[in-house]
Each structure stands twice: as structure tokens, then as C-alpha cells.
């Protein structure tokens, strides 16, 4: 039996109504426009010679409230110029601020308890189908990572997914990334080592919209913070992050306020 076949006719009618009720009772950016997925945005994609599979939108896959869509920027999001990325960690959304009070909103997965962070950073490097290299601490404790000691080439099974955007404070790599995943179930969850994960279809869309120099504002979730003073400028937990430093490309000037 397929994932979409487990519900009877009555449940198919009742479930969307229940989802609307849940959204209406929530705060901090949730809205009632969650009943359907935007047309075709999570279909299979061929990109750079790789086939990104269609996202799982079944009962065990992406919750429709985390589907990409344009929304009115909610009141809990700090006022930032168009082109700024705001990560709403408590509500598991990433906003790309647009003009006229609008934002593009994407569902995300965030750092699990003890790996949350908050602060401001800048995208100083961007890579399509990036190579992943396990850090020395992982190589020491996890034999399964050792075949990739010299790097795991980009691909659908790579932990960084289809795209990676590398976050820096000044000239220092924070080791935090905005990156892709095919694990639709993880969107809306606190599962990572502090990085912001997006469905591959969404991270490709965001990557194409933001230049080097883009400002990223991360709103903290106190329930996930490593300590009350954790910020983007704090050193990530040693050996826990999966993502090693990279040499950034020369940063372009930060974009002026205006449409992305």
C-alpha cells in the first residue's frame, strides 16, 4: 500500500480541515495557506548532470505547511532590507525578504538540542554539488566515514545536497551552512549539527536568488541553544560539525536594499 493510500475517503476530507485548525492556533509566522503544495515545485529535477528525485510529499514526507511560497512577512521577523535572509529557527522557516512587505518562505531543518545558534553572518562562498569532507574527529570515531577522508564528491547522496552556502562572520568561517537534502521528513525538525537544511529543490531556488555578500540573520530558539550566549560568532562544538572550513571565494559587495 502506498503512502498516499493509507487514508480512507473520510480521512482525506477531515485531514486538510484539521491542518487548517492547527495553523490557526499557531503563532510566529504560521498561516492558514497550507492545504496544498504549489504546483510542480517539488517534482524531479535534472541539475548539473544529477537527477534530484521528486520530494516525498506523502504522509511520512514534507508537511505542506513547510512548502515554499510567497507570504506577507510576519510580524515576528525583524525588519531587514530586501535581499536579506532571516532564519526563523523556532518556527522552522527561512525567509528571503522581498519588497512591499513580502517574503519568500521556505521550510527548513535546524540544529538539534545543544547545536542551536543565533546571530548575524554573511554568505562568503557558494558551491553547487559541493564536496563533503569528514572532519578529523569524525574520521577517528566513525569507520564508515574513512573512505571519504579525501572528500566525498558532490551528488544526490552527499550530505550537503545540491547546493551549499557558507556562512562567515568577517573573514572567519563559522562552519555553519545552508545546504540541501533529499530527506523531506527532516524539514520542520531539529536534526542537524547546527546547519540549516532545505529540500534540494528549495536550496537550488534560494542559491539562484542570493549573491555572495548576502546578510543572514538567525533568530535563536532558546530550547535548542548550547548556552544562553551562543551566537553565530561562537565556535561550533569541536568534532561535532560535519562540515569543515572552506577557502571562501572573494566576496562581492553586499547587495544594496532593493528587490533580490
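The values are calculated or read from the model by the stated rules, or taken from the named source; none is laboratory data. As the structure is a computational prediction, the values presented were derived from the model and not from experiment. Ideal geometry is used to build each Cβ from the backbone, glycine not excepted, and the neighbour counts take in all protein chains shown.
Residues in the range 178-196 that are assigned to a strand (DSSP E or B) and modelled with pLDDT under 90: 190, 191, 192. Looking across the range 142-158 at every residue that is assigned to a helix (DSSP H, G or I) and either without any contact (Cβ under 8 Å) to a residue 12 or more places away in the chain or more than 26 Å from the chain's Cα centre (by Cα) (or both), the one that is nearest to residue 200 (Cα to Cα) is identified as 145.
Applying the set (1) under 16 Å from the mean Cα position of the chain (by Cα); (2) at pLDDT 95 or above to residue 124 leaves exactly one unmet item: (1).
Restricting to the range 197-214, and then to whatever is over 12 Å from the mean Cα position of the chain (by Cα) and either in a loop (DSSP other than H, G, I, E, B) or touching a residue at least 60 places away in the same chain (Cβ under 8 Å) (or both), can you tell me which residue is nearest to residue 53 (Cα to Cα)? If we take residues in the range 197-214 being over 12 Å from the mean Cα position of the chain (by Cα) and either in a loop (DSSP other than H, G, I, E, B) or touching a residue at least 60 places away in the same chain (Cβ under 8 Å) (or both), then 209 is nearest to residue 53 (Cα to Cα). Among the conditions (1) closer than 21 Å to residue 207 by Cα; (2) surrounded by 19 or more Cβ atoms within 10 Å (Cβ to Cβ), the only one that residue 134 does not satisfy is (1).
Yes/no matrix, rows are residues, columns are (1) in a strand (DSSP E or B); (2) touching a helix residue (DSSP H, G or I) at 6+ places or on another chain (Cβ under 9 Å); (3) within 19 Å of residue 210 (Cα to Cα):
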| position | (1), (2), (3) |
| --- | --- |
| 41 | no, yes, yes |
| 55 | no, yes, no |
| 58 | no, yes, no |
| 62 | no, yes, no |
| 65 | no, yes, no |
| 71 | yes, no, yes |
| 76 | no, no, no |
| 79 | no, no, yes |
| 83 | no, yes, yes |
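Checked against the criteria, residue 175 counts as surrounded by 19 or more Cβ atoms within 10 Å (Cβ to Cβ), part of a strand (DSSP E or B) and at pLDDT below 85. Against the numbered list (1) assigned to a strand (DSSP E or B); (2) surrounded by fewer than 24 Cβ atoms within 10 Å (Cβ to Cβ); (3) out of contact with any helix residue (DSSP H, G or I) (no Cβ under 9 Å at 6 or more places or on another chain), residue 124 comes up short only at (2). Restricting to the range 88-102, count the residues that are over 14 Å from residue 217 (Cα atoms) and in a strand (DSSP E or B). Of the residues in that region, 1 qualify.
The one condition from (1) in contact with a helix residue (DSSP H, G or I) (Cβ under 9 Å, 6 or more places away or on another chain); (2) without any contact (Cβ under 8 Å) to a residue 60 or more places away in the chain that residue 170 does not meet is (1).
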